[in-house]
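Visitor: One structure coming up, written as structure tokens, with questions to follow.
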Ligand SMILES: NC(=O)c1ccc[n+]([C@@H]2O[C@H](COP(=O)([O-])OP(=O)(O)OC[C@H]3O[C@@H](n4cnc5c(N)ncnc54)[C@H](O)[C@@H]3O)[C@@H](O)[C@H]2O)c1
């Protein structure tokens, strides 16, 4: 199993590290445009192999796509991250050009790849990849919901003073501060609805904190976060590589599902060797449906800035 990660920055390197530590891939190619940068990150990560006990071979390359040839899974993390006070949508000007060029170069060398888009604004970048690559929609996946759901579970556990392993919950919708739809009504602690443990006001606060999870970290770190994003990507890569048929909320091209068309946005999907094996239709409350519609309108507005 060969995996390519484009962008050896904070998220790309974290993603390569988690994939290697889980030891399910034979090779990870890390590619960056900055001379020597991916080579350096790859060498540093390979020097963790004997310490952390993995055999995945990590190779770094400077913009040489021939080294990515025949990758089974490719991940795009290249592009600029946001700075404190910025929204993800403000990154579109620079990142659209990067994602378009990178995704075309990847496809040229790995025609059968499953592509995971991470660069922001992620739903719009996933839509851009869908429009420019012309490959089956099951092979283009946007990562956002897996991370947002992990942040939701963190906030729920914090509010309940419970271990995170007790908590289950999911965030669908757009990967943006306003667009996320935390499914509070479906969230549970060991199969008991979280509303049994927390007041409505506290749950609203949990949802609000979840939605600004990225912005909170950007404010603290001065750039966007990387550990949880890298871990979330590695979860998606493993589900595909190992054909796990696991359910994650991912951004995918919708054709009528959830009442939406011609948009990539986060919905629950089953991930396996073919990428998105199916889209899972779950019942939403009227409020969640309205929230999802508003979220889709926001994503479509950002998509409208693309030059397709
Ligand atoms: N979807 C999510 O959940 C999520 C989470 C966190 C970050 N992000 C996004 O991921 C992206 C990367 O964030 P980061 O913190 O790793 O940024 P970073 O600046 O640390 O790394 C980005 C890397 O991309 C490289 N790059 C730029 N143009 C390139 C090109 N044309 N080809 C190859 N490499 C190129 C840069 O040299 C840099 O090393 C940002 O857009 C950020 O907003 C998304």
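Throughout, read-outs are computed from the coordinates displayed, never taken from laboratory work. Fair warning: this is a prediction, and the values are worked out from it, not measured in the lab. Reconstructed Cβ throughout: ideal geometry from the backbone, glycine too, with neighbour counts over all protein chains shown.
Visitor: Residue 153 passes all but one of (1) away from the ligand (no atom under 11 Å from the Cβ); (2) under 20 Å from residue 212 (Cα atoms); (3) part of a loop (DSSP other than H, G, I, E, B); which number fails?
Guide: With respect to (1) away from the ligand (no atom under 11 Å from the Cβ); (2) under 20 Å from residue 212 (Cα atoms); (3) part of a loop (DSSP other than H, G, I, E, B), residue 153 is out only on (3).
Visitor: In a loop (DSSP other than H, G, I, E, B) and touching a residue at least 40 places away in the same chain (Cβ under 8 Å): is that true of residue 305 in this structure?
Guide: Against the criterion (in a loop (DSSP other than H, G, I, E, B) and touching a residue at least 40 places away in the same chain (Cβ under 8 Å)), residue 305 qualifies.
Visitor: For the range 134-149, give me each residue that is more than 18 Å from residue 256 (Cβ to Cβ) and either within 16 Å of the ligand (Cβ to nearest atom) or not in a helix (DSSP H, G or I) (or both).
Guide: Result: 134, 135, 141, 142, 143, 144, 145, 146, 147, 148, 149.
Visitor: Considering only the range 178-201, state which residues are surrounded by 16 or more Cβ atoms within 10 Å (Cβ to Cβ) and not in a strand (DSSP E or B).
Guide: Hits for the range 178-201 are 179, 183, 184, 186, 187, 194, 197, 198.
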